[in-house]
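Notes to accompany the following structure.
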Amino acid sequence: MNHRDTPADVADPTGPGLKGRTALQLRDALAAGQVSAVEVTRHFLGVAERRDPELGAFISLDPEAALRRAEELDQRFADAGATGSLHGLPLAFKDLVDVAGMRTTFGSRVMAQAPAATEDDPLAAALHAAGAVSTGKTTVPEFGLPCHSENLISAPARNPLDPARTAGGSTGGGAAAVAAGMLPFTPGNDGGGSVRIPAAACGLVGLKPGRGTVPTDQQDDSVRNLSVSGPLARNAADAALLYDAMLGGPGSEGRSLPRALEAAPGHLRIGYSTASPFSPDLDITLARPAVDALTAAAAALGRDGHEVVEADLSYAPGYHRDFRTVWTSALTRVPLPGGAEPLLGPLSAYFLELARGYSEDHLATSVGRLTEWAADARRQLAAHDVVLTPVLAFAPPEIGTFTALPPADDYELQCRFTPYTSMVNVMGLPAISVPVLRDADGFSWSVQAIGRPGTEGPLLALAARMEQLLAG
């Protein structure tokens with residue numbers, strides 16, 4: 001495949017009348033009875049059958065279960081109309097999320113032979129209630145910890161823009177599936193950038209909601225509660241459609257646009273910055289296209305009438321040390337069976353060794369310092385309605401680049417690759433990754449727009465506006 005192709009080019013759909021349709025267009029066609037859930041599901045399964053062997057987007061596909069579900073939805077449609085806002089739309093959950101009838105492996109040899117789940121995770125239950133069709137489980141790194149999607153039990157998730165390179169992580173399989181046309185969109189979860197990183201790597205829109213915003217997420221307001229659920233899609237409107245369903249409530253039935261896009265951003269004071277909290281502990285060096293994308297986005301928004309200024313951000317020291325402590329400590333909360341350690345991959349084993357070495361006082365001190373860091377960082381960002389940063393410091397590395405390194409060096413390279421994402425999880429703020437430009441090699445470069453609490457809708461609307469401004 002030519003890595004200069006765009007996601008739209010490589011979708012290669014086969015279904016009659018389905019080529020190039022967005023998720024929003026598919027929703028409308030399904031709701032109008034112009035196409036059936038079985039037809040749509042067969043189409044995306046067909047693309048996956050052709051493209052997945054090259055890209056490794058799925059740990060497992062379940063065509064039979066997906067088509068049974070689609071047939072049930074078609075029968076319900078005949079009897080009573082559309083089931084919900086996602087009626088008949090295929091998606092796939094990361095292999096960190098339980099889906100009834102499917103095995104959850106966490107990308108780990110430890111869980112590779114686990115029995116199939118007997119019930120849906122709350123997020124899966126909510127999206128199935130909205131009418132979605134699950135086609136399989138997407139590829140993740142072990143326990144979702146790294147920012148790539150390579151593990152020891154399945155093929156790595158490869159980037160459709162260049163299959164030699166990573167699709168990012170930990171929602172890398174989902175991003176590869178959407179970018180290659182195997183899915184119209186996909187839900188992900190983001191504990192340090194796991195939605196925004198693969199979205200940027202594959203040229204997609206990826207929304208990280210604020211802490212506690214999605215009802216099925218953990219609601220603890222703590223820097224230890226880093227992970228939230230968010231959508232990845234090929235454009236902002238499709239991301240908003242999926243995000244509406246994640247929120248629950250009345251959804252978007254009968255609406256020309258998703259509810260989340262109704263919150264117009266208005267006139268904004270926008271700051272832009274390349275300051276990273278990992279400096280000076282790590283050498284953060286940005287590739288030229290990362291800077292060009294930030295400059296282009298800021299200039300476009302300035303021409304659109306927003307007040308755009310360079311943000312004066314100065315992060316307190318110690319972030320790299322304290323984030324690593326809090327991040328790796330999460331592994332001690334994973335219910336590993338006895339004798340599991342020899343089955344762990346090198347990075348997970350390293351993280352577990354670190355985590356088991358923390359005393360309660362050490363962990364509490366790191367949590368306290370990180371909490372103070374987050375409060376100070378939020379205070380600085382609050383001088384602006386939105387703060388723009390790069391997402392990735394350099395182009396997605398080739399498959400095997402991270403895993404070939406000793407674990408400590410592997411983790412350090414991940415931090416240098418993604419120096420702006422985890423800080424938003426620590427602050428608990430919403431943020432969105434938006435594609436801005438393609439470089440001469442065909443790689444996509446994005447910016448991250450960080451908003452104030454509760455501004456997920458305006459961020460989606462801002463992303464939609466940026467799509468218009470940058471279309472030329």
Express the carbon and sulfur contribution to the solvent-accessible surface of the chain as a percent, rounded to the nearest whole number, probe 1.4 angstrom. 50
Farthest toward positive dipole pole in the chain [+1 Lys/Arg, -1 Asp/Glu at C-beta], among Leu24, Pro396, His267: His267
Within the chain, which DSSP H helices have Cα atoms that stretch 30 Å or more along the helix axis and a mean Kyte-Doolittle hydropathy of at least -1.0? 360-381
Cα-based Rg then Dmax for segment 300-425, in Å, read 18.2, 60
Take the Cα of Leu413, step 7 Å along the line toward its Cβ, and report every residue of segment 320-356 whose backbone nitrogen sits under 16 Å from that point. 346-348
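Quick one: plug the Kirkwood hydrodynamic radius of segment 345-385 (C-alpha pairs) into Stokes-Einstein at 25 °C, 0.890 mPa s, and report D in µm²/s. Present the calculation step by step, with values, prior to reporting the outcome.
On the way: Rh = 12.3 Å.
Translational diffusion coefficient: 199 µm²/s.
Per residue, how many Å² of accessible area does the chain show with a 1.4 Å probe?
Working: 17410 Å² over 472 residues.
Averaged over the residues of the chain, the accessible area is 37 Å².
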Hydrodynamic radius by Kirkwood for the chain, inverse mean 1/r across distinct Cα pairs, in Å, is 22.0
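Using a simple charge model, +1 on the beta-carbon of Lys and Arg, -1 on the beta-carbon of Asp and Glu, nothing else, what dipole does the chain show about its Cα centre, in debye to the nearest 20?
Values: 37 positive and 53 negative charges, 86 e Å.
That gives the chain a dipole magnitude of about 420 debye.
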Calculated SAXS-style log₁₀ I(q)/I(0) at q = 0.11, 0.19, 0.20 Å⁻¹ - segment 50-160, Debye, Cα scatterers: -0.37, -0.97, -1.04
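Working from the pairwise distances between different alpha carbons, so that the mean of 1/r is found and then inverted, what is segment 149-300's Kirkwood radius in Å? Mind showing how you got there, number by number?
Details: mean 1/r = 0.0583 Å⁻¹.
Kirkwood radius, segment 149-300: 17.1 Å.
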Does anything in segment 342-365 have its amide N under 14 Å from the 7 Å Cα→Cβ label point of Glu372, and if so which residues? 364-365
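Just by accessible area at a 1.4 angstrom probe, what is the order of Leu331, Leu152 from largest to smallest? Mind showing how you got there, number by number?
Working: Leu331 5, Leu152 105 Å².
Largest accessible area first, the list is Leu152, Leu331.
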At what distance in angstrom do the alpha carbon centres of segment 77-93 and segment 275-301 lie from each other? 41
For the chain, percent of DSSP beta bridges that are antiparallel (nearest 5) comes out at 75
Please report Rg (one decimal) and Dmax (integer) in Å for the Cα set of segment 392-472. 15.4, 44
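The values are calculated or read from the model by the stated rules, or taken from the named source; none is laboratory data. For clarity, every value in this text was computed on a predicted model and none was experimentally measured. Because the Cβ atoms are built from the backbone with ideal geometry, glycine has one as well, and the counts that use them run over all protein chains shown. Side chains are part of the model used for accessible areas, which takes the heavy atoms of the whole protein and leaves out ligands, DNA and RNA. Shrake-Rupley method; radii C 1.70, N 1.55, O 1.52, S 1.80 Å.
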